[in-house]
1. With an 8 Å cut-off on Cα pairs and a minimum separation of 6 or more residues, tell me the relative contact order of the range 746-850 in percent.
2. Quick one: which of 710-718, 297-305, 213-221 comes out on top by average Cβ neighbours within 10 Å, and what's the full order, highest first?
3. Could you derive backbone 3J(HN,Hα) for the range 807-817 from the dihedral phi with the Karplus parameters 6.51, -1.76 and 1.60 (θ = phi - 60°), listing whole Hz in sequence and x where the residue is Gly or Pro?
4. Output ³J(HN,Hα) for the range 603-609: one whole-Hz value per residue in order, computed from phi by the Karplus curve 6.51 cos²θ - 1.76 cosθ + 1.60 with θ = phi - 60°, and x for Gly and Pro.
5. What order, most packed first, do the peptides 670-682, 629-641 have when packing is the mean number of other Cβ atoms within 10 Å of each residue?
6. By average Cβ neighbour count within 10 Å, what is the ranking of 287-296, 273-282 from highest down?
7. Tell me, what is the FRET efficiency for LYS550 and THR45 to the nearest 0.05, using R0 = 56 angstrom and their Cβ-Cβ distance as r?
8. Could you name the lysines whose alpha carbon sits less than 21 Å from that of LYS519, not counting residues in the same chain fewer than 8 places away?
Amino acid sequence: MVKRIALLLFSCFIAFCSFSKTSTPADTLRKAPAWVAKKGPIRPTRTLKNDILHTQLDLRFDWLRQHALGSAVITFKPYFYPQNTLELDAKGFDIKGIFQLDTLKKYDSLQKKYIYEYINDPLEYTYDKRLLNIKLRRKYSRFDTLHVLIDYVAKPNELPAGIVGTKGDKGLYFINADGLDEGKPQQIWTQGETEYNSCWMPTVDSPNEKMTQDIRLTVEKRFKTLSNGKLVESRLNPDSTRTDRWVQKLPHAPYLAAFVVGDFAVAHDTIRNGLELSYYVEPEYAPHAKAIFGRTREMIDFFESKFGVEFQWDKYAQIAVRDFVAGAMENTSMTVHAENVQTDTRALLDGNSDDVIAHELMHHWFGNLVTCESWVHLPLNEAFANYSEYLWNEHKLGAEQADFWAQGSLQQYLGESEQKQEPLIRYNYTDMEDMFDNHSYAKGGLVLHMLRKYIGDEAFFAATRNYLIRYGFGTAEVNDLRESFEEVTGEDLNWFFNQWFLSPGHPTLKVEKSYDANKVTLKVSQLQDSLYTPIHRLPLKVDVWVNGQKETHDIVVNKAKQTFEIPVKQRPDLVDFDAERQLLGEINYEKSKPELIFQYQHCDKYLARYEAITGLENQLADSTVRQLMMQAMSDKFWKIRQLAVSNFSEYDGLQFNEVERLVQSKARVDAHARVRTEAIITLGSFGDNSNDPLFREALNDSSYQVVSAALDAYLIGKPDDAVDVAKRFENAPNSEIVTAVANYYAGLAKPEQYDWFMVKMKRLKSAEMYNFLQVFGKYLIKSDGSVQRKALPMLETMARNDPAYFVRFGAYQVLGLLTDIEGVKAMRKDIRNTERDPKLKDMYGQFGEF
């Protein structure tokens with residue numbers, strides 16, 4: 001699952017003292033680092049008293065009340081020990097009746113379903129709005145298969161306090177239920193991970209349970225439905241509704257059950273053996289559906305080939321919904337995406353959603369086929385899904401794009417590590433939702449990459465294939481993964497799994513190099529706090545370049561302080577430590593200017609060239625560095641070209657005319673839109689050249705990003721045709737361009753443009769709103785009081801009620817610009833005090849708002 005992306009990382013300050021029997025308090029008293037996490041209780045895997053074999057659901061919907069009217073038949077058997085009760089998770093239901101059913105009696109050909117014989121008297125039960133404990137007729141053994149019918153009403157918006165998770169998840173979501181939000185579709189969708197499907201269906205809501213299912217959804221004829229498995233029946237009813245029946249014959253965990261109801265356009269595709277692929281989008285995006293999702297077919301072929309296990313499920317559908325509470329969710333055979341995956345074909349020139357598409361698809365092997373047995377072991381799901389993004393980039397776009405992805409993941413993890421450092425496998429987390437972080441995702445994926453580098457590709461993919469086959473349709477824990485790798489490699493890998501999966505933190509290395517008497521000496525120190533983070537064992541490669549020739553040496557860093565001596569014939573041009581650039585950690589290794597220049601010119605890996613370019617970025621006065629940076633504008637990889645261009649921002653030194661011509665060339669003809677965009681921005685920094693005809697020319701670029709940057713650069717000079725140009729683009733189908741126009745209008749601050757801002761905010765996606773709100777705040781600051789007061793009700797409603805927490809935060813920030821207006825300070829205080837999302841409450845606190 002791609003979970004919520006936080007705007008900020010938050011601090012937790014935990015101080016404790018540690019004393020030994022042989023030391024004095026003065027010797028040993030010290031404050032723990034800020035990143036040391038508070039430990040929760042041990043989290044054992046849930047004990048299963050009964051095994052849910054199959055769930056049959058009949059669901060209707062009360063849109064006005066936002067209720068689901070449900071009837072569930074639970075087929076189960078005692079797990080091992082005899083049982084006379086059935087305990088189910090059922091959050092906030094109204095229970096209408098519970099009945100035990102006899103064995104299947106007959107098949108009704110008219111209704112096309114089996115008919116159960118009821119025992120007339122209802123079963124006794126106890127219910128605390130969280131757990132439903134049903135008393136069975138007698139005690140049954142593990143050889144008995146039982147059926148219980150539960151009639152109920154699910155009320156997700158009325159869940160009692162303490163039932164929902166810390167993030168406010170409620171499992172079942174009605175979007176624009178009353179239809180009054182103009183331009184917004186009516187939808188119903190579910191989101192079960194971690195344990196929220198029990199807000200709309202009775203079940204054992206735990207990842208170590210597996211079941212098949214049969215879901216019947218009765219909806220208005222104008223709506224389409226989507227659920228797990230195959231659509232086996234669609235029947236019109238006398239009341240003008242329609243009932244769709246979705247059946248999944250293969251078992252999966254309850255958190256992966258899902259359905260969606262709404263108005264969608266559907267594009268279809270197929271893959272080998274007739275496997276159906278389908279893409280559900282809002283009708284206006286119908287022409288673009290295959291452009292958005294069309295590489296899914298190639299991804300399935302690639303992952304099947306790479307891991308040696310075929311896609312196991314009945315179909316694969318992807319659907320985009322409004323106001324989704326996560327980035328995407330890998331419900332079995334039907335991934336739900338947030339609305340921002342929807343875009344037009346032109347926007348795909350600036351970047352696609354392949355990373356998230358690959359991520360959710362990979363879960364159909366790691367997570368859905370083999371499921372972590374508890375949330376303690378979540379990285380068994382998320383690390384592989386995260387690493388699939390690296391693998392897809394490597395396959396589709398090459399090793400440099402994959403390494404660029406890995407660089408971003410490392411930065412995400414290291415950023416989070418400043419606030420917390422925990423093991424990947426956390427047996428004592430405080431909240432299961434906290435497992436969905438940059439440890440489980442970013443660090444987890446990079447740890448798998450290191451394991452692949454250590455044992456080699458053939459062994460890595462053979463081991464993962466064995467893991468998938470052995471634990472398919474079941475559950476696994478981290479030791480199962482380790483043993484799968486050990487069986488293939490013949491090596492005890494406890495050392496690797498202990499330090500990377502079961503211990504917190506990462507290595508922080510200091511590397512010092514010296515040359516003397518035909519040898520290079522490397523002094524390597526591990527500087528991480530060894531009271532909390534282990535001294536790591538790190539198999540690494542060191543490339544030693546002498547007279548332009550490279551020789552690779554394998555070393556193992558496994559001590560706090562270590563010295564390595566490497567014989568050489570003469571002083572090296574470069575000693576490249578961790579030449580593979582695969583270490584998950586921090587390396588402090590100073591290199592001279594000549595070494596960095598040599599590194600850029602001779603090392604073939606993107607990350608080595610990136611390190612050289614960034615290490616030289618403030619030295620453009622040096623002619624050699626300047627020439628290298630100009631050379632780097634033609635690097636084979638787009639990110640290096642972008643960095644080289646950006647390094648000349650505000651440049652006014654020697655060879656300016658030549659530099660300007662190179663940047664202009666990049667703006668016009670570079671193959672990558674981000675490089676052209678960067679070139680436009682850099683040209684805009686070259687003093688008073690806002691009337692440069694290149695900006696006007698770039699308004700016709702194929703890339704929305706380039707056009708947006710060109711608009712900013714062109715309009716800031718307020719040319720004679722600025723108003724006409726702004727009007728030309730003010731209704732563009734792209735938020736970046738619209739935001740550029742908004743920035744121009746904000747500078748003018750004309751009252752008549754207020755309505756334009758309002759219209760745009762109604763049409764923007766949640767992911768686009770935050771940046772637009774900042775520009776709207778700029779417009780309000782420059783406007784008179786009447787315009788500011790007019791905006792207050794809209795901003796207050798948004799700050800209180802918008803489904804996206806970052807949009808609420810953005811609106812709250814804009815209100816902070818208007819505190820001179822009477823009542824706004826009190827309004828903001830009340831907004832803070834009534835906010836329920838703990839992440840957003842922390843953000844308010846982080847900015848000193850409490």
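Read-outs throughout are calculated quantities, based only on the coordinates presented, and are distinct from any laboratory measurement. Predicted, not measured: the structure shown is a model, and the values here were computed from it. Cβ placement follows ideal geometry from the backbone for every residue including glycine, while neighbour counts extend to all protein chains displayed.
1. Values: 82 pairs, mean separation 23.8, N = 105.
Across the range 746-850, relative contact order equals 23 percent.
2. Working: 710-718: 21.9, 297-305: 16.7, 213-221: 19.4.
Result, highest mean first: 710-718, 213-221, 297-305.
3. Each residue of the range 807-817 in turn: 6, 4, 5, x, 5, 4, 5, 5, 4, x, 7 Hz.
4. 7, 8, 7, 4, 5, 5, 5
5. Answer by packing, highest mean first, reads 670-682, 629-641.
6. Numbers: 287-296: 20.6, 273-282: 17.8.
Going by the mean number of other Cβ atoms within 10 Å, highest first, we get 287-296, 273-282.
7. On the way: r = 49 Å, r/R0 = 0.88.
So the FRET efficiency works out to roughly 0.70.
8. By straight Cα distance, LYS519 reaches LYS510, LYS541, LYS550, LYS561, LYS569, LYS591.
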